[in-house]
Structures are given as C-alpha cells and as structure tokens.
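The values are calculated or read from the model by the stated rules, or taken from the named source; none is laboratory data. Here the structure is a predicted model, which means the values were calculated and not measured. Here the Cβ positions follow ideal geometry from the backbone for every residue, glycine too, while neighbour counts run over all protein chains shown. Side chains included, ligands, DNA and RNA excluded: accessible areas come from the protein's heavy atoms. Shrake-Rupley method; radii C 1.70, N 1.55, O 1.52, S 1.80 Å.
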Amino acid sequence: EPEVTQTPSHQVTQMGQEVILRCVPISNHLYFYWYRQILGQKVEFLVSFYNNEISEKSEIFDDQFSVERPDGSNFTLKIRSTKLEDSAMYFCASSSGPKHYSNQPQHFGDGTRLSIL
Amino acid sequence: TQLLEQSPQFLSIQEGENLTVYCNSSSVFSSLQWYRQEPGEGPVLLVTVVTGGEVKKLKRLTFQFGDARKDSSLHITAAQTGDTGLYLCAGTDSGTYKYIFGTGTRLKVLA
C-alpha cells in the first residue's frame, strides 16, 4: 500500500539554525499538510498546500515557517531560525481531496523528530 | 477555539475487558476520523464517520457518530494487548473547515 515517507526520522539542530524537513506524499494525492506534536501534547495543524500554494495555515505557522513543493514528488517544511520550542514531532500528510471531504482521508507519515539544542 | 475533548485521557485494562473512549465537542463536524498512533509513528487511520448516528464496525472496534455530529465513541470488545496505543479522534469543523485533533486517549491493555 502506498505510504507517505518522511526524512530524516530524527533531526538535531542548534537553536537559530535553519532546518528543512522532507516528505514524499502518496503519488496521486493533491493535498499536502504539515502537523506538529510537541511531546505529550496533541497533534496540531500547521499548514495545508494545494496547487502549489498554501491553502490554509494556523497561528503557529508564522514567518519563520515556509513550505515548498520543489519538484513533482517532495514536499518540504523549512524552519528559518529554529527556537527551543520548535522541538516536536513533525508529521506530513497527504490526501486525494480536500480535508473537509470525508471520503478522502489524510494519510500520515511516521514523522520527523526535531530536537533543538 | 474549537476543541475535541477525549475521555478518558488514560485507560489501563486487563486483556479481555471491554472499553469505550469518547470524543466530544461543542462544534458540529462534517466528518470525523479515528486514528491509532504508536510511539514514534504517525497516526494511522482506523475509520471515517460521516452521517449523524452512523455506526461502523472494524473487527472488535465499533465506532459511532453522534446524531448531532458533535461527538463520537469508540468501543473495543474483548481488548487485546495489541490494542495498546494512543487513540485520536479528529475532524473537520463544518463551520470553519478547520481540521483538528482530539486530546487523545492512551490505552494500555495488560496481559
């Protein structure tokens, strides 16, 4: 069964450094998402992306965050100047239809654990 | 702020017992999903419920969507140790179209 893959599985970065998290969504999916989960807390929506542009973003997704689909397969999340509080699991997800269409659910990757020192 | 509150937050039971996990909100959801998440992995979709009052069964798991589409429940019959994990509900708020996750229920089934 096709799956969403994320790399790296664990990223350790110094505070203030830039980090890029990578995702390969399911190949025929058109909608892409990033979520984060701080240790012990709930999964939080960051951003959704469709047709090469951001379709929705949360309050968490401020100017230090950006997303890109640089080619036909990868979907990346860049954090420009990392802060300690950016430490979390970051999950990528993809779906064939918009999230509010119930029969086109999101499929999640296994996440990247980002540790900011 | 939309909230999906899950209860209980933690649940530890013996193998063979039955349990129910609840997911409640003051908002109406156009659809609701249940996921299971293992440590170090992403959420894995178990089911989607759409229609108010809908009941779906997945082997020993029974999912119900409330009539008003504001709440849902997950019932597990004869729990097994393999059911251990974090159970998450998530859904699309029908007013804002925001997709939000519940607070989670951490289930541990003891042999």
note = Filtering the range B:87-111 down to residues that are of a type in the set (S, T, N, Q), under 22 Å from A:Gln104 (Cβ atoms) and either away from chain A (no Cβ under 14 Å) or open to solvent by 10 Å² or more (accessible area, probe 1.4 Å) (or both) yields B:Ser94, B:Thr96
The one condition in (1) within 14 Å of chain A (Cβ to nearest Cβ); (2) in a loop (DSSP other than H, G, I, E, B); (3) open to solvent by 10 Å² or more (accessible area, probe 1.4 Å) that B:Gly53 fails to fulfil = (1)
ask   = Mind checking whether some residue in the range A:57-69 is in contact with a Pro (Cβ under 9 Å, 6 or more places away or on another chain) and assigned to a strand (DSSP E or B)?
value = no
request  = Would you mention how many residues in the range B:9-46 are touching a strand residue (DSSP E or B) at 6+ places or on another chain (Cβ under 8 Å), of a type in the set (Ser, Thr, Tyr) and away from chain A (no Cβ under 14 Å)?
outcome  = 3
request  = Could you list, in sequence order, all residues of the range B:18-38 that are in a loop (DSSP other than H, G, I, E, B) and either without any contact (Cβ under 8 Å) to a residue 24 or more places away in the chain or surrounded by 13 or more Cβ atoms within 10 Å (Cβ to Cβ) (or both)?
outcome  = B:Ser25, B:Ser27, B:Val28
inquiry  = Looking only at the range A:70-105, count every residue that is within 21 Å of B:Gln33 (Cα to Cα) and assigned to a loop (DSSP other than H, G, I, E, B) and tell me the total.
reply    = 10
request  = Answer yes or no: is there a residue in the range B:70-86 that is within 11 Å of chain A (Cβ to nearest Cβ) and crowded, with 22+ Cβ neighbours inside 10 Å.
outcome  = no
